[in-house]
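Step one of this worksheet: look at the structure below.
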Amino acid sequence: MKEHVFAGVLSLCMAAPAFAADSVKIGFVTTLSGPAGVIGKHMKDASELALGMLGGKVGGLPAQIVYGDDQFKPDVGRQVADEMLKRDNVDFMTGYIWSNVLLAVYQPVIQSGKILISANAGPHDIAGSQCAPNFFSASWQNDQTPEAMGKFMDDQKMTDVYLIAPDYAAGRDMVSGFKRYFHGKVAAEVYTKPGQSDYQVEISQVRDANPKALFVFLPGGMGIQFVKQYAQSGLRETVPLYSAFTVDETTLPAIGDAAEGNYEVGFWSPDLDNPRNKEFVGAFRAKYNYMPSYYAAQSFDAIAMIDTAVKAVKGDLANRDGMIAELAKAEFPSVRGKFRYNTNHFPIENFYLLKIVKDGDGNYVRKIQQTVFADHADAYAGECKMK
């Protein structure tokens, strides 16, 4: 009789995951204060939505998301990440709007052995020589999106284009990406102070240069101020504005009419036609009563990625190799539709030309006009030693 009992207990033990964790804790670093806090709100709301749609569980385990405010400062972001790793003992790290913040925390997180998923920032360093098995991008490499605008403007035979971006890692990457595919004349290449709010000097310089077009990368509050001031200057009628990560669902409510007719580029838009995206946009609007941005879409995907990874190893969070192997398949349900990962763990995906128009409710939205790139890989994967 005892032997039968022992055999039954043994079979139950063998059927259960040998090292299944009791719960999952996710560290989520973003900007939750100041003018850029609106971006962090989109990201936080989307991650909460994703967790709610999973019933509060990730990979079948009860889950908690621990949020930290980097305050748009690399040193603060580093401190927040250290606390999450040491005090909170998180199992995964995600979030990250800003490339300079991600670069500040990258090595400590990677060396900790935790899986790091960027829900926005994609500096070239991480895509190239500093690539790591336990890093994945839920978004794009910085250069990829402006490469799409560079190609579109080059296809239109434009020339004499003026470039403006903030002077930090992502700003430099954006300009490099644009110039990689734009072969016309660049009238000027101007870098502004990150977080700047007054652009009268830069706009006067554009007026004096009298280029044929203007391309900018000015995310968050920077974009709100620039686009409004640019429209007020009257220059938009003679020097059309093209942008990346500047006019979007986080900034359009504040920009309003000043953005109408402008062109953007991106890998995602609320009108992207696939079942997962429709589910996401519908659920987000129903819960929060506003339109999600790509920041929200990427954060939603990041939680789905973690769910798929934990599920694949049956809750054994010590099985890092198994989770990495699952993430590399890119088989989680993504709002962008089907895509694949390159050897450096950055997406190979589509990029679209978007136009700012009014929808049926009178709200300004981004609408897909055409596909600029299909299955577009970043320029740095060849520098990554992973195969």
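The values are calculated or read from the model by the stated rules, or taken from the named source; none is laboratory data. All values derive from a computational prediction rather than experimental measurement. Quick reminder, even Gly has a Cβ in these numbers, built from the backbone with ideal geometry, and neighbours come from all protein chains shown. The accessibility values were calculated without ligands, DNA or RNA, using every heavy atom of the protein model including side chains. Shrake-Rupley method; radii C 1.70, N 1.55, O 1.52, S 1.80 Å.
Scanning the stretch 354-387 for residues that are in contact with a Ser or Thr (Cβ under 8 Å, 6 or more places away or on another chain) and either without any contact (Cβ under 8 Å) to a residue 40 or more places away in the chain or of a type in the set (A, V, I, L, M) (or both) turns up L354, I368, A381, M386. A330 falls short on exactly one of the conditions (1) among the small types (G, A, S); (2) surrounded by 17 or more Cβ atoms within 10 Å (Cβ to Cβ); (3) in a loop (DSSP other than H, G, I, E, B); (4) touching a residue at least 24 places away in the same chain (Cβ under 8 Å), and that condition is (4). With the structure loaded, tell me whether D70 is of a type in the set (D, E), more than 15 Å from the chain's Cα centre (by Cα) and open to solvent by less than 20 Å² (accessible area, probe 1.4 Å) or whether it fails that test. Against the criterion (of a type in the set (D, E), more than 15 Å from the chain's Cα centre (by Cα) and open to solvent by less than 20 Å² (accessible area, probe 1.4 Å)), D70 qualifies. Residue check: W98 meets all listed conditions (1) modelled with pLDDT of 95 or more; (2) more than 14 Å from the chain's Cα centre (by Cα); (3) within 21 Å of G266 (Cα to Cα) but one, namely (2).
Taking the options D82, D70, name whichever one is in contact with a Pro (Cβ under 7 Å, 6 or more places away or on another chain) and of a type in the set (D, E, K, R).
The conditions single out D82.
Of the residues A81, A36, the single one that is at pLDDT below 95 and surrounded by 20 or more Cβ atoms within 10 Å (Cβ to Cβ) is A36. The selection criterion, being out of contact with any Cys (no Cβ under 7 Å at 6 or more places or on another chain), open to solvent by less than 10 Å² (accessible area, probe 1.4 Å) and in contact (Cβ under 8 Å) with a residue 12 or more places away in the chain, does not hold for A63.
Among the residues of the stretch 99-119, the one identified as in a helix (DSSP H, G or I), within 16 Å of C131 (Cβ to Cβ) and small (G, A, S) is S99.
Just checking, which of D257, D173 is of a type in the set (D, E, K, R) and open to solvent by 30 Å² or more (accessible area, probe 1.4 Å)?
Step by step, each of D257, D173 is checked, and only D257 is of a type in the set (D, E, K, R) and open to solvent by 30 Å² or more (accessible area, probe 1.4 Å).
Among residues that are farther than 23 Å from T246 by Cα, in a helix (DSSP H, G or I), modelled with pLDDT of 95 or more and not small (G, A, S), M93 is not included. Restricting attention to the stretch 186-206, the residues that are in a strand (DSSP E or B), open to solvent by less than 40 Å² (accessible area, probe 1.4 Å) and among the hydroxyl-bearing types (S, T, Y) add up to 1. Within the stretch 203-246, restricting attention to residues that are of a type in the set (D, E, K, R) and touching a helix residue (DSSP H, G or I) at 6+ places or on another chain (Cβ under 8 Å), the residue that is farthest from K355 (Cα to Cα) is R207. For D273, the test of being open to solvent by less than 10 Å² (accessible area, probe 1.4 Å), under 23 Å from R336 (Cβ atoms) and assigned to a loop (DSSP other than H, G, I, E, B) is failed.
Among the residues making up the stretch 91-119, those that are of a type in the set (G, A, S) and closer than 22 Å to D307 by Cβ are G95, S112, G113, S118, A119.
Take N363 and tell me if it is more than 30 Å from V90 (Cα to Cα), surrounded by fewer than 23 Cβ atoms within 10 Å (Cβ to Cβ) and of a type outside the set (G, A, S). It is true that N363 is more than 30 Å from V90 (Cα to Cα), surrounded by fewer than 23 Cβ atoms within 10 Å (Cβ to Cβ) and of a type outside the set (G, A, S).
Results for (1) in contact with a Ser or Thr (Cβ under 8 Å, 6 or more places away or on another chain); (2) within 26 Å of R366 (Cα to Cα); (3) open to solvent by less than 40 Å² (accessible area, probe 1.4 Å); (4) of a type in the set (K, R), shown as yes or no for each residue.
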residue	(1), (2), (3), (4)
Y263	yes, yes, no, no
K278	no, yes, no, yes
R285	no, yes, no, yes
Y288	no, yes, no, no
Y295	yes, yes, yes, no
L317	no, no, yes, no
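Just checking, how many residues over the stretch 137-170 are modelled with pLDDT of 95 or more, surrounded by 20 or more Cβ atoms within 10 Å (Cβ to Cβ), assigned to a helix (DSSP H, G or I) and out of contact with any Asp or Glu (no Cβ under 6 Å at 6 or more places or on another chain)? Count: 9.
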